[in-house]
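Nothing in this text is a laboratory measurement; each read-out follows from the coordinates by a stated rule. All values derive from a computational prediction rather than experimental measurement. FYI the Cβ positions are ideal-geometry reconstructions off the backbone, even for glycines, and counts take in every protein chain you see.
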Amino acid sequence: MAVITIDKVSRWFGNVVAVNDVSMSIGPGVTGLLGPNGAGKSTLIHLMSGFLSPSAGTVTLDGATIWRNQEVYREIGLVPERESMYDYLSGWEFVLANAELHGLPDPGAAAKRALALVEMEYAQERQAGTYSKGMKQRVKMASALVHDPSVLLLDEPFNGMDPRQRIQLMDLLRRFGAEGRTVLFSSHILEEVEQLARHIEVVVAGRHAASGDFHRIRRLMTNRPHRYLVRSSDDRRLAAALIADASTAGIELDWQERALRVQAIDFQGFTTLLPRVAKEAGIRILTVSPADESLESVFSYLVSS
Amino acid sequence: MLQSPVQGTVARLTVRGLLGSRRGILLAVVPVLLLMMSAVAAATSGDKHDLTVTILGRLGLGTLVPLLGLVVGTGVIATEIDDGSIVYLLAKPLPRWRIVTTKLIVAVLTTWLFSAVPTLLGGLLLYGTRDGLAFALTLGTMVAGAAYSALFLLLGVASRNAVVIGLGYALIWESLIGNFVKGARTLSIQQWGLSVAKAVASSGSLTADVALGAAVPLLLVVTAAATVLASVKLAGLTLASED
């Protein structure tokens, strides 16, 4: 069983703190590392794959330090975010080279198996430079899988993939997870993580914001106070009617904007309340827009809760 | 367990990366230039000894060899570090020093092929085997080429501005400052190469500013230290974070 343990890890670059006192442990199965861009996901993956030293704390694989320990690569397969590979090689040559670098007893057979796993045999003779983003991603996957690792780390693996390739890769990762491998992938897209990972780790602004079952965290996200901007034919009367219901926590009459700022505490309740109240009072709703639906604000709510 | 300093796959990838691209054509400029100038000079009636020393010593060893060493030494590793493909070499259970020694050997052999071989041919064409001049300059080119390769490989690992720093060293320190300040020549790979060449050629046919007793240890120390340091640097290579 392969477990990556991040223990009280911080990493700073000069004055910038990229990862701030994070502790987490990644075990078998598929784990999603979720967070907005710039949250420190790549930094964490670099720490876990031995390409960055922690400024404080330790990063270990089954107890063995990962930094400056090339032996861990017998267990770890890494799919980096950057696209560049050896563009002058064909897909086959590239994966074969990776198998040879691992010192595998039969590199040819390993390369063949890995390319079959990602279904890239049909294009394996083409030069990597001519591949599409999705194809490159799959060949990179094959190179990471060639030595049958127990840990697979993927940095934003779905970037640039079309829906079909996305589904294919998700199936593959699900299978690896079910086989008992430790699979960790990063993403800034909630839906991606939702489809693939039961267990997620959320990082926001370098901090570990949440950890655990996806559904629990999703519920936390939906149940957070939502803010809306509402414009209607009679704001003041609408405000009075809305505040009477338990689903709203506060309403502000923004006279400059000529709109209501509503804070709802019960997402489901409010979405049914608003049209009902308006209809009963004969008020026309002109605008309803969520004021804080950006992923960043969802995440920062998680951090504070 | 004793391991060979050359890892076959790393060597193969390095050679293809180095010679496969446009850089391969750039490298070929050096031997073409040396051979053409030697051929033209051989047909003139000038002093053949002076011409040989000027073309192969000054232009070759003095200017083209450091530039070639710079292109090759950084080319074997800095390109991969810049574009991030070095990840595929480093995410392997390979000792870092083997990656460095393999790349260094590829760099040295390439430098020799593109500078020492044309120096030998040009020297024989111009001056034959007289005074052992052709052989001496070839040997000087070889030792200097090896040291340049090691130094510039280290620069490629240690700095993102390897080419600029390397050019600064080769052109400003060795050529410009070395021309006016005699002391600067003591710390000049080019002068160490010349010193070795002088020791091999018949006396009086070449001049050098650094004594052989200093040049040889300095060449060895610089080459070895650069290799060790490059291995250490590579083992601690961190990838620039995208976020």
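Computed values, structure above
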{"item": "Label-to-label distance, nm, for residues given as A:THR287 and B:LYS182 (7 Å Cα→Cβ offset)", "result": "8.3 nm"}
{"item": "³J(HN,Hα), Karplus 6.51/-1.76/1.60, whole Hz, each residue of the range A:31-40, x for Gly, Pro", "result": "10, x, 9, 10, x, x, 4, x, 7, x"}
{"item": "For the protein assembly as shown: rounded, prolate or oblate by the Cα gyration tensor [a/c cutoff 1.5]", "result": "prolate"}
{"item": "Contact order normalised by residue count of chain B, Cα under 8 Å, 6+ apart, percent", "result": "24 percent"}
{"item": "Ellipticity estimate at 222 nm from DSSP helix runs (n ≥ 4, -39,500 (n - 2.57)) divided over chain B, nearest 500", "result": "-20500 deg cm²/dmol"}
{"item": "Relative contact order (%) - criterion: Cα under 8 Å, at least six apart; region: chain A", "result": "20 percent"}
{"item": "C-alpha center-to-center spacing [the range A:172-191, the range A:141-158] in angstrom", "result": "10 Å"}
{"item": "Fluctuation leader among B:LEU109, B:LEU120, B:LEU13 - chain B, Gaussian network, Cα springs under 10 angstrom", "result": "B:LEU13"}
{"item": "Pairwise FRET efficiency - A:ASP21 versus A:SER233, Cβ, R0 = 51 Å, nearest 0.05", "result": "0.50"}
{"item": "Residue list for the range A:162-192, given a label point 7 angstrom along the Cα-to-Cβ vector of A:ALA116 and an amide N cut-off under 19 Å", "result": "A:169, A:172-173, A:175-176, A:179"}
{"item": "Fluctuation leader among A:PRO275, A:PRO54, A:PRO149 - chain A, Gaussian network, Cα springs under 10 angstrom", "result": "A:PRO275"}
{"item": "Gap separating the Cα centres of the range A:228-253 and the range B:33-78, nearest whole Å", "result": "84 Å"}
{"item": "Modelled FRET efficiency - R0 60 Å, A:ALA244 with B:THR238, Cβ distances, 0.05 increments", "result": "0.55"}
{"item": "Per principal axis, descending, Cα span of chain B in whole Å", "result": "63, 39, 36"}
{"item": "Fewest-first ranking of B:HIS49, A:HIS46, A:HIS147, using other Cβ atoms within 10 Å as the exposure measure", "result": "B:HIS49, A:HIS147, A:HIS46"}
{"item": "Nitroxide proxy distance, nm - points 7 Å out along Cα→Cβ at B:SER202 and A:ARG276", "result": "11.2 nm"}
{"item": "Most mobile listed residue (B:LEU229, B:LEU61, B:LEU154) in chain B, GNM with C-alpha springs under 10 Å", "result": "B:LEU229"}
{"item": "Links that overshoot a 23 Å alpha carbon limit, given the list A:LYS41/B:LYS103; A:LYS112/B:LYS92; A:LYS112/B:LYS233; A:LYS8/A:LYS140; B:LYS48/B:LYS198; A:LYS8/A:LYS136", "result": "A:LYS41/B:LYS103; A:LYS112/B:LYS233; A:LYS8/A:LYS140; A:LYS8/A:LYS136"}
{"item": "Likely footprinting exposure, B:LEU218, A:LEU274, fewest C-beta neighbours within 10 Å first", "result": "B:LEU218, A:LEU274"}
{"item": "Inverse mean reciprocal Cα-Cα distance (Kirkwood Rh) of the range A:225-291, Å", "result": "11.4 Å"}
